[in-house]
Each structure stands twice: as structure tokens, then as C-alpha cells.
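Notes for the one structure printed next.
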Amino acid sequence: MNPPPRTLRADLRLIADMVREQARVLDLGCGDGALLSWLQAHRGVIGYGLEIDPEKITACVGRGVNVIERDIDTGLADFETDAFDLVVMTETLQAVRNPGEVLDAMLRIAPDAIVTFPNFGHWRCRLHLATRGTMPVARHLPHAWYDTPNIHLCTFADFEALCRERRVAITQRIVVDAAYRPTRLGDAVPNLFGTIAIYGLRREADA
Amino acid sequence: MPAALPDDSVGIVVPQLARFDDPFELVCGASLPSHELVYETYGTLNEAGTNAVLVCHALSGHHHAAGYHAPDDRKPGWWDVCIGPGKPIDTNRLFVVACNNLGGCHGSTGPASMNPATGRVYGPDFPVVTVRDWVRSQARLADRLGIRRWAAVIGGSLGGMQAMQWAIDFPERVGHVVTIASAPRLSAQNIAFNEIARQAIQADPGFHGGRYLDHGTLPREGLMLARMLGHVTYQSDDGLREKFGRAVRSGNLDMARDVQFQVESYLHYQGRSFSERFDANTYLLMTRALDYFDPAREFGDDLTAAFATTRASWLVLSFSTDWRFASDRSREIVRALIRARRNVSYADVDAPQGHDAFLLPVPRYLAILDAYLSRVADEAEAPARTGAAA
């Protein structure tokens, strides 16, 4: 049996710090269940993950994490309004078919959400496109444009505009580099120097 | 015949008989004055009695789930793919119990048994038996074997329904439930197929209103048709195409004379061999039990309410090409369990074999079952930790 991880990947650690004790958590694109497993063991949360990768699903089952094989684009209708305290989605936003609808669904299912994604407005992306004229390929965006699962890449500014449009309040924003560390430049000019952002979100009416 | 029994086989197994001499009240109001259950066990019950697993069988299954009765048996038990040393239901760690359900025709009391009240075979007089009755009779068997609580109750298809009913009726006695290729109740289409099968049997001139044993006949043609029909619903379109295509076994397609396609001869073979070994009244009884199964009914048709008092953790599995109990039926179970705030994991295994996939060595299916049941065995070995994850 796989014990719950003693240490967490740095970004998951940042997310874990945002989760209340005993919360009911839904993790969209939960991967191998590392976050939920840690939260179960250390925060007493009751969680479910959504995942579609067969090997990752088996990994979740092996570590005692509730995992549901369901596509995020079609599966969220199964979850009742306010069934959870928190919905988390790490580095998956850019791969869903309709990010706006997914965002709406997340904040229907729970009053709070955490979303992380890579910033397409990072200066390296801008430089790549400006100088080479081809779609940027980087550590966090390793795929060629024609076979990438990342069909909705966006910048922090794009995402924040979507939040405004969808009446979603941003309660927290942590901007980090590729190693998930905060940097002074990233804090100063996030849309240019931040690699990844972790957003805390809430329904505007509840904020 | 296997030259030597494989290393991962439970080996030669001997069926056992449990006799119950006190009356057994059934849901239908009738009562059996006494009855017998034939069962097999694999592995060893640990001292604390915490590692027992119940395997429930489907429509035409029985107690012989794994291993061989004799060294020259042509085939092992029906779920040998999953049960054995080192297999997903690991008999090195778990104690497995499999019984033939009440009303069956493989040694448990059923329509072909003697009715003590009349001194002749029950036949059509055998009372209607439901999934709830099976579960209660299995609970009696558990008492007899000294098993207070199952580490897991596991079943595919109709077997999965028994596992579900166990969690509802005996919440304290079930640690985990594994339902595979199952459904929370039958659809109109499912019932329709069952009814055609029943009509085929009952219309056979050898049926004699279910008294065929008294007449020294068997409704062979009817049972054969029922099985052929059932068999088609167990397979997918792609699966049949892959296995048989339009291959011809005999005759000449060019002259369109006496043509027999491979798929026809396959169905004839399946139907004929089934009609020789299966009791027609049991077939009627088992399909009725399927039709009546509906645990949500007593809870205002609310499956979530039916699951609300369950305490088990669940693994629900379905197969992508199963159209008898399609993946959506499993998702109904999962949705209700999440709403009832139960621990549940669900996987929809991509497999071309249709409903029958639950009996076959589909790698992803075995891997996820293995991952889940390893944890069940871990818990069974450390009972103090049991429920800590709930």
C-alpha cells in the first residue's frame, strides 16, 4: 500500500495551505491523487478526484483516494449544487473544452475554488513568439501546437478578465516560477514574469 | 486438461454443504422449512476473522468460482481469472467464500430439490426468491462460518446487486463493496429480454408448466433459446464481429444453400450445452430476481436514500462496450453514493468484450481490482486501522 506522501510538490503544498480542516474537496484532474491523499492524512478532508488517465486512476485507488473516472467537460453536471466546500483544479484549465463553463460549474458545486495554470503571457513565451514566430514550447508547455492537450492557453490577464465576466471574485493569487517559488519580479509584474499562478476564487455574491 | 495445475490456481477444491434446519422466511411471504447451501472457500480465515471476502455469482453462476474439482477438469471455476494466490482476490491474504444461491441448481436447495411437504420435487412450486433473500441466507452462512463482518463483498452483474444489497441490509457487516458491470435496477429493455427468455422456456412442449422432471422431460429447446438470447446481450457488436465476422462454417454462400455462419454454430453450442446442465425453473427464478431487484423502491425511488445508512467503501467498475448494464447504469450508482457521501471510486474500463468482460482477463480491469483489494487486505491485516480512511 502507498502511504500518504510525507512531502508534497511545492505547488500542491501551497494549495494544501489554503484548505480548511475537514473540508469536502473535489479535485478536478486529480492525477495520481497526491494532493487528496495528503489532505486526507493531514487535514482530515473528505475528497473525491476526477481523472481520465487509467494508470493515474489505478494509482489513486492504490493509495486509498476516492477517484471517479469522468471527463471534466461532461461530468460536472453529476455533482449537486453546494455538494462540496472546495473544488480544486491544478494545471488543467488550459486543457478543458469550455473553461468558462467549467469555472461556473466549479463555483456551483462549492462556494470556493482553487485554480492553477501556466501563464502564456510569460516573457519567454512572448519572446519566443516575437522572435521565432512559432508557438512557444517550454518546460511547462512541452507540446507541439498540433498535438497539445492544452487547447485553451491563456495569460493571467485573460483569466482575470474571464473571472470578471463570470462574476467570480479572486480572493487570493500566488504567482510562482517554474519551481513553484515566489519571485520578486513575479510579484511585481505577474503577467510578464510569473510562470504559474494559484488563484483562490469565490462566487462574487458570497465574497 | 491442464498438464499440471497452474501456480496461481487455488488448486483442487472440494464443495461443502451447509444445512439449515430452521424455517427461512422469504420476502414473498413463503417460507422454506429447511434448506441447504453448497459453497466453496479458498484461502485461510485469519484468527481475528477479518479477512473474509464474499464472492456473489451472476445469473448462471454457482459456488465453483475458482480452482478445479479434479485434476482432469477441462476448465477451472468461473472467476479463476480473479481468484487465486497473487491474483486480484489474493487467496494468500484473503479468505474467499462463494456459495450457490438459494434457488440455484448446482447443489443448493432449489426448484429441482425435494419439497419435504409433498415428497416430490418443488418444480414451479419453489417460492419466489429475491436478492434480499439471497443476502440474508448468505448472512446465515457467514454466521455458520464464524464471519461477523466481510472485508469485502464482491460481485459482477447480478452478483454486484447482491453486494449492493449487503451494504444496505447489513451496514455493520460489510467493509467494502465491489460492484462490477452492474445496475441499481433493471431497465425496461433488460426486463424485456428476460421475458423473451422466459417465454421461450415456458412455450417449450417439454416444460409441462414447470413439472418437466415429473414427466421425465426437459424444456431443452426453450432453455437453449433463452441462453442464445442471453449470450447475445453479454457480447458487444464489435466483439462478435472480431470473433466470428461473417465466417461460414458450412454451406456455400455463392449458392446460398445450407449456409451456417460461425456465429450461429457458436450460439447453438452455447445454448445446447447450457440446456443440458441448467435447470429451467432456476433460470426463471434467477431472471425474476433480477427483474425485482430495486433497492431504491423502499426509499421513495431515491437511490441516495437507500445508500445513506451504508457504511462500506465502494469500488464501482463498468466496461465501455457493455450494453446489457451500460456504463451509465454504474454511474447512477456512483452518483447516488457521492450524494450519500460514501467513499467510492469508479472506473469505466475500455474493453471490447461487452458485459462478459467482467469474467475475462482484461489487464486494466485486473490492475484496478488488484490495487483496490490490496488495500482491503492491508486493512484486514491491521483491523485497528479499519475505517480510518472513512
Got at least one residue in region A:109-122 being within 28 Å of B:Ser318 (Cβ to Cβ), modelled with pLDDT of 95 or more and aliphatic (A, V, I, L, M)? yes
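Table: residues versus (1) modelled with pLDDT of 95 or more; (2) β-branched (Val, Ile, Thr); (3) crowded, with 22+ Cβ neighbours inside 10 Å.
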position: B:Ala18; (1), (2), (3): yes, no, no
position: B:Cys56; (1), (2), (3): yes, no, yes
position: B:Ser60; (1), (2), (3): no, no, no
position: B:His63; (1), (2), (3): yes, no, yes
position: B:His69; (1), (2), (3): yes, no, no
position: B:Arg74; (1), (2), (3): no, no, no
position: B:Asp80; (1), (2), (3): yes, no, no
position: B:Lys87; (1), (2), (3): yes, no, yes
Within region B:129-161, restricting attention to residues that are buried (at least 24 other Cβ atoms within 10 Å of the Cβ) and over 16 Å from the mean Cα position of the chain (by Cα), which residue is farthest from B:Phe20 (Cα to Cα)? B:Ala151
Check on A:Leu35, more than 14 Å from the chain's Cα centre (by Cα), modelled with pLDDT of 95 or more and in a helix (DSSP H, G or I): no
Condition check: out of contact with any Phe, Trp or Tyr (no Cβ under 7 Å at 6 or more places or on another chain) and part of a loop (DSSP other than H, G, I, E, B). Does B:Arg341 satisfy that? yes
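Do you know which residues across region B:344-367 are away from every other protein chain (no Cβ under 14 Å) and within 18 Å of the chain's Cα centre (by Cα)? Let's see the steps before the verdict.
So in region B:344-367, the residues away from every other protein chain (no Cβ under 14 Å) come out as B:352-361.
Passing the criteria: B:Gln353, B:Gly354, B:His355, B:Asp356, B:Ala357, B:Phe358, B:Leu359, B:Leu360, B:Pro361.
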Residue under evaluation B:Glu264, criteria (1) touching a strand residue (DSSP E or B) at 6+ places or on another chain (Cβ under 9 Å); (2) surrounded by fewer than 16 Cβ atoms within 10 Å (Cβ to Cβ); (3) not in a helix (DSSP H, G or I), criterion not met: (3)
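Quick check: anything in region A:42-49 of a type outside the set (D, E, K, R) and away from every other protein chain (no Cβ under 11 Å)?
Checked region A:42-49: at least one residue is of a type outside the set (D, E, K, R) and away from every other protein chain (no Cβ under 11 Å).
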Pairs under 7 Å by beta carbon, first residue within 11 Å of chain B (Cβ to nearest Cβ) in region A:63-91, partner of a type in the set (Asp, Glu) and surrounded by 21 or more Cβ atoms within 10 Å (Cβ to Cβ), six or more apart or different chains? A:Val67/A:Glu51; A:Glu69/A:Glu51; A:Glu69/B:Asp348
All but one of (1) within 19 Å of the chain's Cα centre (by Cα); (2) free of Cβ contacts under 8 Å to residues at least 40 places away in the same chain hold for A:Met135, so report the exception by its number. (1)
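Does region A:192-202 include one or more residues that are among the aromatic types (Phe, Trp, Tyr), modelled with pLDDT of 95 or more and over 16 Å from A:Ile114 (Cβ atoms)? Working first, answer last.
Of all residues in region A:192-202, those among the aromatic types (Phe, Trp, Tyr) come to A:193, A:199.
The next check asks that each one be modelled with pLDDT of 95 or more; those that pass are A:193, A:199.
Those left that are additionally over 16 Å from A:Ile114 (Cβ atoms): A:193.
Yes, region A:192-202 contains at least one residue that is among the aromatic types (Phe, Trp, Tyr), modelled with pLDDT of 95 or more and over 16 Å from A:Ile114 (Cβ atoms).
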Pick from B:Thr109, B:Thr118: which is of a type in the set (Ser, Thr, Tyr), at pLDDT below 95 and within 28 Å of B:Asn281 (Cβ to Cβ)? B:Thr118
Could you check, for region B:14-37, whether at least one of its residues is assigned to a loop (DSSP other than H, G, I, E, B), within 17 Å of the chain's Cα centre (by Cα) and closer than 23 Å to B:Phe126 by Cβ? no
Looking at A:Asn98, is it within 17 Å of the chain's Cα centre (by Cα) and polar (S, T, N, Q)? yes
If we keep just the residues of region B:162-187 that are out of contact with any helix residue (DSSP H, G or I) (no Cβ under 7 Å at 6 or more places or on another chain) and part of a loop (DSSP other than H, G, I, E, B), which is surrounded by the most Cβ atoms within 10 Å (Cβ to Cβ)? B:Arg185
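The values are calculated or read from the model by the stated rules, or taken from the named source; none is laboratory data. Note that the coordinates shown come from a computational prediction; the quantities given were computed from them, not determined experimentally. Backbone-built Cβ (ideal geometry, glycine too); neighbour counts: all protein chains shown.
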